[in-house]
Each structure stands twice: as structure tokens, then as C-alpha cells.
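Here the structure comes first, spelled out in C-alpha cells, and everything after it is commentary.
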Amino acid sequence: MSERPGEFTTPEGIIYTPDMLIFEDRGLRLGEIKLTWQSSREAPRAEATSFPAKMNKWLTQIKAYCYHLETRLARLYVFYVNGSYGQGGMNPELLSWDICFERRELEENWRMLLNHARHRGMLP
């Protein structure tokens, strides 16, 4: 079962809006949906243990949401409008990955985001 939640607010006052909450036997899983004109050529096609650097901004966002939702589980859906821009033409492609983060990854990611926001004067 899944649902589209409303807004959430962190203790620092930062508002975030996950695309989807997925309720599984294992617990809560965050769902995020992206649409991009980027090529899918570098995207993993099987179970992924690493992702190309161009996906880092999405993973940073997902980790922040997971941290505050107190879940290590996420599912990323990406719709590549033009697929891999391969020789067969530009064929749309929808890919998804189930991700399980280490708690340490989530904590480090959130600290990094807070440090960046404070350095830029976005937070006291």
C-alpha cells in the first residue's frame, strides 16, 4: 500500500514533501519519482550498489527524507524521457531501484546539509 503524503517539517523548520510513502511488511519505505531528459545509459539495470554521479543530487534528497522519516528504505523511480539516446532512437525508459541505506550514511548526509545551509546563511 502507498500514499501521497502532505508536507513534513524538520526540527530546524525545513519543509520537505516526499512523493510517496510505501507501507511494506519490512516497514516504511520512501518513494521518490523523477523525470529527466538525461540519458539513461549510465543507470544501473539490475540491483544497484552504486549509482552514477549525476544521480547524487537525487540520492542526497532521498537520504535527507529517509533520515527524518526514520527509515533506511527507499525506492527511486526515474522516467528517462529519451531513454539512452541509443542508435535505436529516443525511446522512453522507466527504471526503479530499491535502496537500503546505512544509518550512518543518513546521519552524515543530514549533517552535511545542515553545515552547508549554515555556511550559506540559510540557517542560524
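The values are calculated or read from the model by the stated rules, or taken from the named source; none is laboratory data. Model, not experiment: these values are computed from the prediction. When we count neighbours, we look across all protein chains shown, and the Cβ atoms used for this are built from the backbone with ideal geometry, even at glycine. Note: areas computed on protein heavy atoms with side chains; ligands, DNA, RNA excluded. Shrake-Rupley method; radii C 1.70, N 1.55, O 1.52, S 1.80 Å.
Between a first residue in the stretch 59-83 that is farther than 17 Å from residue 113 by Cα and a second residue that is among the aromatic types (Phe, Trp, Tyr), which pairs have beta carbons less than 6 Å apart while being 6 or more apart in sequence or on different chains?
Going by the 6 Å Cβ cut-off, the qualifying pairs are 72/101; 76/97; 81/37.
Checking the structure you have, find out if any residue of the stretch 5-27 is open to solvent by 20 Å² or more (accessible area, probe 1.4 Å), at pLDDT below 95 and hydroxyl-bearing (Ser, Thr, Tyr).
No: zero hits.
Take the residues in the stretch 62-90 that are under 20 Å from residue 25 (Cβ atoms) and part of a loop (DSSP other than H, G, I, E, B); name whichever of them is least open to solvent (accessible area, probe 1.4 Å).
Of everything passing the filter in the stretch 62-90, 71 is least open to solvent (accessible area, probe 1.4 Å).
Residues in the stretch 91-111 that are in contact (Cβ under 8 Å) with a residue 40 or more places away in the chain and open to solvent by 60 Å² or more (accessible area, probe 1.4 Å): how many?
Residues flagged as in contact (Cβ under 8 Å) with a residue 40 or more places away in the chain and open to solvent by 60 Å² or more (accessible area, probe 1.4 Å) within the stretch 91-111 amount to 2.
Looking at (1) part of a loop (DSSP other than H, G, I, E, B); (2) over 25 Å from residue 104 (Cβ atoms); (3) open to solvent by 20 Å² or more (accessible area, probe 1.4 Å), can you tell me which one residue 48 breaks?
(2)
Looking at the stretch 91-124, which of its residues are closer than 23 Å to residue 24 by Cβ, of a type in the set (D, E, K, R) and in a loop (DSSP other than H, G, I, E, B)?
Matches in the stretch 91-124: 102 only.
Out of curiosity, is residue 57 open to solvent by 70 Å² or more (accessible area, probe 1.4 Å) and part of a helix (DSSP H, G or I)?
Yes; evaluated as a whole, the condition is true for this residue.
Any idea how many residues of the stretch 17-49 are of a type in the set (Lys, Arg) and within 14 Å of the chain's Cα centre (by Cα)?
Summing the residues that are of a type in the set (Lys, Arg) and within 14 Å of the chain's Cα centre (by Cα) in the stretch 17-49 gives 2.
Could you please find all residues in the stretch 31-45 being touching a residue at least 40 places away in the same chain (Cβ under 8 Å), open to solvent by 40 Å² or more (accessible area, probe 1.4 Å) and in a loop (DSSP other than H, G, I, E, B)?
Hits for the stretch 31-45 are 37, 38, 41, 45.
Given the residues 67, 80, which is the only one that is closer than 22 Å to residue 9 by Cα and of a type in the set (Ser, Thr, Tyr)?
Going through 67, 80 in turn, just one is closer than 22 Å to residue 9 by Cα and of a type in the set (Ser, Thr, Tyr): 67.
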